[in-house]
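**Student:** Take this structure first; my questions come after.
Just so it is clear, none of the values below were taken in a lab; they were calculated from the coordinates. The structure displayed is predicted, hence computed values, not measured ones. We place every Cβ from the backbone using ideal geometry, glycine too, and count neighbours over all the protein chains shown.
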Amino acid sequence: MSELGSEANPLQVAVVGSGPSGFYAAEALLKSGRTVNVDLVERLPAPFGLVRYGVAPDHPKLKEAILAYQIIARLPRFAFLGNVTVGRDVTVDELLAHYHAVVFACGAETDRHLGVPGEDLAGSHTATEFVAWYNGHPEYRDRHFDLSAEVVAIVGQGNVAADVSRILAKSVDELRGTDIAEHALDALAASRVREIHVIGRRGPAQAKFTNKELKELGELANCAAEVDPGALELNAESQAELEAKANFVSVKNVEILRDFASRGQSGKARRLIFHFLKGPVKIEGAARVQQVVLARNRLEGKPFWQSATATGDTETLACGLLFRSIGYSGVPVPGVPFDAKRGVIPSRDGRVVDAAENPLPGLYTAGWIKRGPTGIIGTNRADSVATVKSLLADSAALPQQARKGSEGLAALLAARGVRTVCYGDWEAIDAKEVARGQPKGKPREKFTRVDEMLRCL
Ligand SMILES: Cc1cc2nc3c(=O)[nH]c(=O)nc-3n(C[C@H](O)[C@H](O)[C@H](O)COP(=O)(O)OP(=O)(O)OC[C@H]3O[C@@H](n4cnc5c(N)ncnc54)[C@H](O)[C@@H]3O)c2cc1C
Ligand SMILES: NC(=O)c1ccc[n+]([C@@H]2O[C@H](COP(=O)([O-])OP(=O)(O)OC[C@H]3O[C@@H](n4cnc5c(N)ncnc54)[C@H](OP(=O)(O)O)[C@@H]3O)[C@@H](O)[C@H]2O)c1
């Protein structure tokens, strides 16, 4: 038998998910010096995961990561199998029959829950849904957000909350030239939103925004960023956090917030108001959201370990729309262990482990589904490289017989009537989206339904 990883017996690896971590895993495998065939298996006909369906449309620079993925996709021995859902169109056991190893890089697709009464009232949404809707994700195309509400509450103070705030705060003219989905632009054109309240359960020194994203919220053409100066008073522990050398992001955030607090009346049509030390305890309304009851919190614990504790005082904020932006969570893939508490596939050094912490032969994981929903696009590179290192180190323990890889998988899917989308197909869809955008001055007009994408082919 030829050696695994040689021309005669290439290492066949299926990577599930074509977001950043999937592409970086593919790159690490293809540039490993071994002969490896990599098939990127993706649920949607379009690749790039959250870079296409998460990164905000008014941040086109951040989507330039796609240029690097296009180069990876042109490497020899790379294949894209889009429009294939692992766990539905093909099982994990079937993948293992065709590949020596499988890397799960399927992201964190759902949201965390607040766990308060009224969370599911009409008008209470997750940021996950709103983001996917304005970015044209086919599964969120038909969501409806009632933008006739004048007051919106956003729970959470991370960069996703910043994205959602900005999209609500910007005028349609500021968004028109972006790749925002047409249905979202039409809905935002009719928006009556005037006040956006961004609510943090902890203090200004604990907000998770990065500096650039927070600063940008104070530079919007039609929306003033506001903070009550009293809300920026820090307890001794928070002050100690800011004095720690490595904590420069929080130091700058507090500085930016102090600048917002010092500004006078702006006369701008919209207001973005930051609240700290307030946590929702109840969302109320007869048939839909009418108000959120907020517990006033205090911080307890040592510097960097401070958590929010309710003081017993509450206040009520009247709002017609509420977004929960408190983090993403993974969803289980049938046949693969899942840690429901953390929303991740349990792993050690990228190797998927069972309940007894034993590695499952041939199964690996990378990206948000491995480490949880934190980190920017670039963070996933080192993560995927580390997983591939483990996979290659295990190669002697993997099955040594030749596997059919994409040839076998494509035949199985064809027999099931699954229309797979190859990278060339995606390039055809991509070209049509770009052409559709041109007359409108947009970088692209995305297809927002899978059948529209497939009709291009
Ligand atoms: C709203 C938002 C905005 C962001 N903006 C930025 C930003 O501006 N800059 C920045 O640096 N970072 C940003 N990030 C972070 C960045 O997007 C993530 O770090 C990164 O996308 C995580 O990569 P991933 O590959 O692990 O997951 P994902 O990007 O989510 O990719 C997972 C892929 O797996 C596919 N998939 C899932 N299940 C299956 C299945 N069963 N079968 C087949 N395929 C499957 C999905 O369709 C998806 O394409 C943002 C994140 C969010 C949520
Ligand atoms: N432009 C960019 O670079 C960009 C854009 C978007 C996203 N991203 C990245 O993507 C990742 C995910 O972003 P994210 O905003 O979803 O997550 P995040 O940064 O983890 O922020 C989540 C926010 O929700 C709060 N929260 C969590 N549980 C809560 C609860 N039960 N009640 C009230 N508040 C709660 C957190 O507060 P606590 O701190 O108290 O837990 C925090 O303020 C981050 O790494 C982010 O930087 C980057």
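**Student:** If neighbour count is taken as other Cβ atoms inside 10 Å, put 456, 223, 319 in order from fewest to most.
**Tutor:** Result, fewest neighbours first: 456, 319, 223.
**Student:** Work out from phi, with θ = phi - 60° and the Karplus expression 6.51 cos²θ - 1.76 cosθ + 1.60, the ³J(HN,Hα) of each residue of the stretch 449-454, listed in order in whole Hz, and give x for Gly and Pro.
**Tutor:** Result, ordered by residue: 10, 4, 5, 5, 5, 5 Hz.
**Student:** Report the FRET efficiency, 1/(1 + (r/R0)^6), for residue 245 and residue 287, where r is their Cβ-Cβ distance and R0 is 60 Å, rounded to 0.05.
**Tutor:** Rounded to the nearest 0.05, the efficiency is 0.70.
**Student:** If all Cα-Cα distances of the chain are sorted into 20 Å bins from 0 onward, what percent lands in each bin, rounded to whole numbers?
**Tutor:** 24, 52, 23, 1
**Student:** Same structure again: In debye, nearest 20: dipole of the stretch 102-255 around its Cα centre with unit charges on the Cβ of K, R (+) and D, E (-)?
**Tutor:** In total the dipole reaches around 260 debye.
**Student:** Just rank 260, 323, fewest to most, by other beta-carbon atoms within 10 angstrom.
**Tutor:** Ascending Cβ contact count within 10 Å gives the list 260, 323.
**Student:** So which trypsin sites (Lys or Arg not before Pro) in the stretch 379-457 end up in coil per DSSP with only 16 or fewer other C-beta atoms within 10 Å?
**Tutor:** Here the trypsin sites (Lys or Arg not before Pro) that fit, given the DSSP loop and packing criteria, are 404, 416, 419, 449.
**Student:** Hand me the trypsin sites (Lys or Arg not before Pro) from the stretch 204-283 located in a DSSP loop with no more than 11 other Cβ atoms within 10 Å, in residue order please.
**Tutor:** 245
**Student:** Could you compute Rg(Cα) / (2.2 N^0.38 Å) for the stretch 266-340, with N its residue count?
**Tutor:** 1.54
**Student:** 5 Å is the cut-off here: which amide hydrogens, built 1.01 Å from N in the peptide plane, fall below it relative to residue 106, excluding neighbours closer than 5 in sequence?
**Tutor:** 366, 369
**Student:** Could you give each residue of the stretch 171-177 its phi-based ³J(HN,Hα) in whole Hz, using Karplus coefficients 6.51, -1.76, 1.60 with θ = phi - 60°, and x for Gly or Pro?
**Tutor:** Each residue of the stretch 171-177 in turn: 7, 4, 5, 6, 9, 4, x Hz.
**Student:** Follow-up question, since we're still on this one. Can you give me the Rg/Rh ratio for the stretch 241-382, using Cα atoms for both radii and the Kirkwood formula for Rh?
**Tutor:** Computed over Cα atoms, the ratio is 1.07.
**Student:** Sticking with this structure for a sec: Please give the charge dipole size of the stretch 167-227, origin at the Cα centre, charges +1 on K and R Cβ atoms and -1 on D and E Cβ atoms. Round to the nearest 20 debye.
**Tutor:** Roughly 400 debye, rounded to the nearest 20.
**Student:** What GluC sites (Glu not before Pro) does the stretch 348-429 have in DSSP loop regions with at most 14 other beta carbons within 10 Å?
**Tutor:** Those that pass, being in a loop and sparsely packed, are 357.
**Student:** Points 7 angstrom from Cα along the Cβ direction at residue 186 and residue 93: gap in nanometres?
**Tutor:** Spacing of the two 7 Å Cα→Cβ label points: 4.6 nm.
**Student:** If I take the Cα coordinates of the stretch 396-457 and project them onto the principal axes, what are the three extents in Å, biggest first?
**Tutor:** Computed over the stretch 396-457, the largest-to-smallest principal extents equal 54, 28, 15 Å.
**Student:** Once amide H atoms are built 1.01 Å from N in the peptide plane, which residues 5 or more positions from residue 81, or in another chain, come under 5 Å H to H?
**Tutor:** Under 5 Å from the amide H of residue 81: 40, 41, 42.
**Student:** Relative to the compact globular guide of 2.2 N^0.38 Å, what is the alpha carbon radius of gyration of the stretch 123-208, as a ratio?
**Tutor:** The reported ratio for this selection is 1.09.
**Student:** Go through the stretch 96-106 residue by residue and turn each phi into a ³J(HN,Hα) via Karplus (6.51, -1.76, 1.60, θ = phi - 60°); whole Hz please, and just put x for glycine and proline.
**Tutor:** Using θ = phi - 60°, the values come out as 5, 6, 9, 10, 6, 8, 10, 10, 8, 10, 9 Hz.
**Student:** At a 10 Å Cβ-Cβ cut-off, how would you order 152, 55, 293, 103, fewest neighbours first?
**Tutor:** With the fewest neighbours first, 152, 55, 293, 103 line up as 293, 55, 152, 103.
**Student:** Determine the gain in length on full extension of the stretch residue 266-residue 59; use 0.36 nm per residue of separation and subtract their C-alpha separation, reporting nm with one decimal.
**Tutor:** Length difference between fully extended and current span is 72.0 nm.
**Student:** Evaluate the Debye formula for the stretch 303-457 with equal point scatterers sitting on the alpha carbons, no solvent, and hand back log10 of I(q)/I(0) at q = 0.08, 0.19 Å⁻¹, in q order, two decimals.
**Tutor:** -0.45, -1.27
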